[in-house]
Amino acid sequence: MAVLFGSNGMALAGVLWDNDGVLVDTERLFYQANRELFLRFGVDLSERQFFDWYLADNCGAWHLLTTLQLTNKQMDDLRGERNVRYAQLLAGANVQPVAGVEPVLAAWSSRLPMAVVTSCNGDHFQQIHAKLGLLKHFRFALTSEHYVNSKPSPEPYCLGLERLGVAASDCVVVEDSPRGLQAALGAGLRCIVLRHPLTRHYDFPGAWRVVDHMGELHEELLALGH
């Protein structure tokens, strides 16, 4: 396996990528699917609430419906309806890769093993990537069905490291959310955060670097493994 050494002497032997907001521009569609659901119950889910409860934490906004005294089955049914609506939005939105990601993936997949580690479910993941051609750059992809505890638990990234066959000290994660950053740090990984409009206000304490576009991300990877 190739191991690259950056100008700071640190090794880089692999890269793990999040999906939504990093490879593909889908976070706003998932926000829309959740907002539409909660509007049915008179709750207007704001972008900041979505950030706090979905991107910073993993609790969702279901606590806003506790006064309705819904059963567990009813809550599961609502999640199912939300997932169906999200799939509909994906189908009608002509989902595109994040600007600039394709040449970055092409440059690095020829140098190092890479994989996707996402909280997206497998059906949505396959729907998103069916026509994009990005997955050829990765050894494998782990979706929500592959692990018990989702981000911010470190379990997804620990599994990604095991499957990739590299040490945490020799690997870097590319993320876009606080809960993804927490998962990476919990697994002992360096994390470069790519911000987007829903996360632009957040400083991401603990991140190795914080960048605002793919050009900056490419430069940070070069510094780690040039």
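Scanning region 28-43 for residues that are assigned to a helix (DSSP H, G or I), open to solvent by 20 Å² or more (accessible area, probe 1.4 Å) and of a type in the set (A, V, I, L, M) yields LEU29, LEU39.
Just one of the numbered conditions (1) open to solvent by less than 30 Å² (accessible area, probe 1.4 Å); (2) among the polar types (S, T, N, Q); (3) farther than 30 Å from LEU134 by Cα is not true of THR71: (1). How about region 89-102: which of its residues are free of Cβ contacts under 8 Å to residues at least 40 places away in the same chain and either at negative phi or part of a helix (DSSP H, G or I) (or both)? Selection gives ALA91, GLY92, GLU102.
Applying the condition of being of a type in the set (S, T, N, Q) and without any contact (Cβ under 8 Å) to a residue 60 or more places away in the chain to region 14-45 and asking which residue is farthest from VAL104 (Cα to Cα) yields ASN34. Mind counting the residues in region 143-160 that are open to solvent by less than 10 Å² (accessible area, probe 1.4 Å) and among the aromatic types (Phe, Trp, Tyr)? Within region 143-160, residues that are open to solvent by less than 10 Å² (accessible area, probe 1.4 Å) and among the aromatic types (Phe, Trp, Tyr) number 1.
For (1) at pLDDT 95 or above; (2) open to solvent by 60 Å² or more (accessible area, probe 1.4 Å); (3) under 18 Å from the mean Cα position of the chain (by Cα), each residue gets a yes or a no:
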{"site": "MET75", "(1), (2), (3)": "no, no, no"}
{"site": "LEU78", "(1), (2), (3)": "no, no, no"}
{"site": "PRO103", "(1), (2), (3)": "yes, yes, no"}
{"site": "PHE138", "(1), (2), (3)": "yes, no, yes"}
{"site": "ALA141", "(1), (2), (3)": "yes, no, yes"}
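Tallying residues that are assigned to a loop (DSSP other than H, G, I, E, B), over 13 Å from ARG82 (Cβ atoms) and in contact with a helix residue (DSSP H, G or I) (Cβ under 8 Å, 6 or more places away or on another chain) within region 44-64 yields 4.
In region 120-136, what residues are open to solvent by 30 Å² or more (accessible area, probe 1.4 Å) and either touching a helix residue (DSSP H, G or I) at 6+ places or on another chain (Cβ under 7 Å) or charged (D, E, K, R) (or both)? I'd like the intermediate steps shown before the answer.
As a first pass, look at region 120-136 and keep what is open to solvent by 30 Å² or more (accessible area, probe 1.4 Å): 121, 123, 126-127, 130-133, 135-136.
Scanning region 120-136 gives ASN121, ASP123, GLN127, LYS131, LEU135, LYS136.
Per the conditions (1) closer than 22 Å to TRP53 by Cα; (2) in contact with a strand residue (DSSP E or B) (Cβ under 9 Å, 6 or more places away or on another chain), the sole criterion not satisfied by LEU198 is (2).
The values are calculated or read from the model by the stated rules, or taken from the named source; none is laboratory data. If you're wondering where the values come from, they're calculated on a predicted model, not measured in any experiment. Using ideal geometry, Cβ is built from the backbone for each residue, glycine included, and neighbour counts are taken over all protein chains shown. Protein only, heavy atoms only, side chains kept; ligands, DNA and RNA dropped before computing areas. Shrake-Rupley method; radii C 1.70, N 1.55, O 1.52, S 1.80 Å.
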